[in-house]
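The structure appears below as structure tokens.
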Amino acid sequence: MIDSLGLDLAPVVAQQPDPVLFATVSGAHLYGFPSRDSDVDLRGVHLLPAADLVGLREPEETRSRMWDRDGVELDLVTHDLRKFVRLMLRRNGYVLEQLLSPLVVQSGDAHRELVSLAPGVLTRHHAHHYRGFATTQWRLFERSGELKPLLYTFRVLLTGVHLMRSGEVQAHLPSLLGEAGAPGYLPELVAAKAGQEHGRADVDHDRVRADVERLHTTLDEAQAASALPDAPAAYDALHAFVVRIRLEGRGAADPVQEVRDAPPVRGPRQG
């Protein structure tokens, strides 16, 4: 787990120029297959002053920084609240996984309220996000032969299938191993990834190709049968939330002393 790195991540968030509504850990640590040399992907939302959005200058809606701290590479990316919520409304599973990550570095009332609104953006069309992400990672695996993009391929397909079937955003691959259609060799691949971030995959390429193609079909079928709606239901509520938080300038959040685990957040129950 991330705690084993012995890093206090709260001060990193506190150093940001604008208030941070929340910060979580994403990437391989969230997905359940970090390596000894994995970087730490910090993701979150900052709150720009209202004046920055009504003046002539273009605001810094996305901030990113990569640096080394105590021998660990940190990758911090935050979006302004308005941009983040717009991404949520664009069937973007990636930002939802960041918002709902159980590895919480900093939180507060605004974060908790945004989490409560997240089920209202889930649609059957989020399958397109996971389908496209899987295709990109599979192509990378075919070029590089590395284990990391292969695990990403399986992870996003299983996350997409699980979302379509249950209405739950679950990004943690080990928690998805019981999903129907998950290949039985995935635990071995996860264990192999722990040794080296960019190690090569010792697999039967024809077999994994067939399994990936089968999971694509499973995702198509799960999308067709999903009880998730066609369009987000929370647009108006999210609009009101963004306006209220911006005008209040409410950026105070509570640093979490240790990155913690929490249950996954569910969308509307299916069936």
Checklist outcome for this item: Picked from the stretch 113-132 (must be among the charged types (D, E, K, R) and part of a helix (DSSP H, G or I)), the residue surrounded by the most Cβ atoms within 10 Å (Cβ to Cβ) is Arg131
Checklist outcome for this item: When the stretch 38-75 is checked residue by residue, the ones that are under 20 Å from Asp8 (Cβ atoms) and in a loop (DSSP other than H, G, I, E, B) are Ser38, Asp39, Asp70, Gly71
Next on the checklist: Just to check your reading of the model, which residue among Leu158, Leu140, Leu163, Leu117 is in contact (Cβ under 8 Å) with a residue 60 or more places away in the chain and more than 20 Å from Arg43 (Cα to Cα)?
Outcome noted: Leu163
Checklist outcome for this item: Arg69 passes all but one of the listed conditions (1) farther than 26 Å from Glu188 by Cα; (2) within 18 Å of the chain's Cα centre (by Cα); (3) modelled with pLDDT under 85; the exception is number (2)
Item to check | Among (1) over 23 Å from Ala233 (Cα atoms); (2) at pLDDT 95 or above; (3) part of a helix (DSSP H, G or I), the one test that Ala192 misses | outcome: (2)
Checklist entry - Looking at the stretch 243-271, which of the residues that are among the aliphatic types (A, V, I, L, M) and surrounded by fewer than 17 Cβ atoms within 10 Å (Cβ to Cβ) is modelled with the highest pLDDT? => result Val243
Checklist outcome for this item: Here the qualifying pairs (Cβ atoms under 6 Å; residues six or more apart or on different chains; first in the stretch 217-239 and in contact (Cβ under 8 Å) with a residue 40 or more places away in the chain; second aliphatic (A, V, I, L, M) and not in a helix (DSSP H, G or I)) come out as Leu228/Leu122; Pro232/Leu89
Next on the checklist: Going residue by residue through the stretch 220-239, is there one that turns out to be modelled with pLDDT of 95 or more, of a type outside the set (Val, Ile, Thr), touching a Lys or Arg at 6+ places or on another chain (Cβ under 7 Å) and assigned to a helix (DSSP H, G or I)?
Outcome noted: yes
Item to check | In the stretch 59-106, the residues that are in contact with a helix residue (DSSP H, G or I) (Cβ under 9 Å, 6 or more places away or on another chain), farther than 24 Å from Gln170 by Cβ and acidic (Asp, Glu) | outcome: Glu60, Glu61, Asp70, Asp80
Item to check | Scan of the stretch 8-66 for residues that are more than 30 Å from Leu186 (Cβ to Cβ), of a type in the set (Gly, Ala, Ser) and surrounded by 15 or more Cβ atoms within 10 Å (Cβ to Cβ), ordered by number | outcome: Ala10
Checklist entry - Is it the case that Ala110 is of a type in the set (Gly, Ala, Ser), outside the structural domain of Gln170 (by TED's automatic domain parsing), touching a residue at least 60 places away in the same chain (Cβ under 8 Å) and in a helix (DSSP H, G or I)? => result yes
Checklist outcome for this item: Of the residues in the stretch 133-176, those that are among the charged types (D, E, K, R), part of a helix (DSSP H, G or I) and farther than 24 Å from Asp202 by Cβ come to Arg165
Checklist entry - Which one of these is within 21 Å of Lys193 (Cα to Cα), of a type outside the set (Gly, Ala, Ser), at pLDDT 95 or above and not assigned by TED's automatic domain parsing to the domain that holds Gly132: Tyr31, Tyr94? => result Tyr31
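The values are calculated or read from the model by the stated rules, or taken from the named source; none is laboratory data. Since the structure is predicted, the reported quantities are computational estimates derived from the model, not experimental observations. Virtual Cβ from ideal backbone geometry, glycine too; neighbours counted across all protein chains shown.
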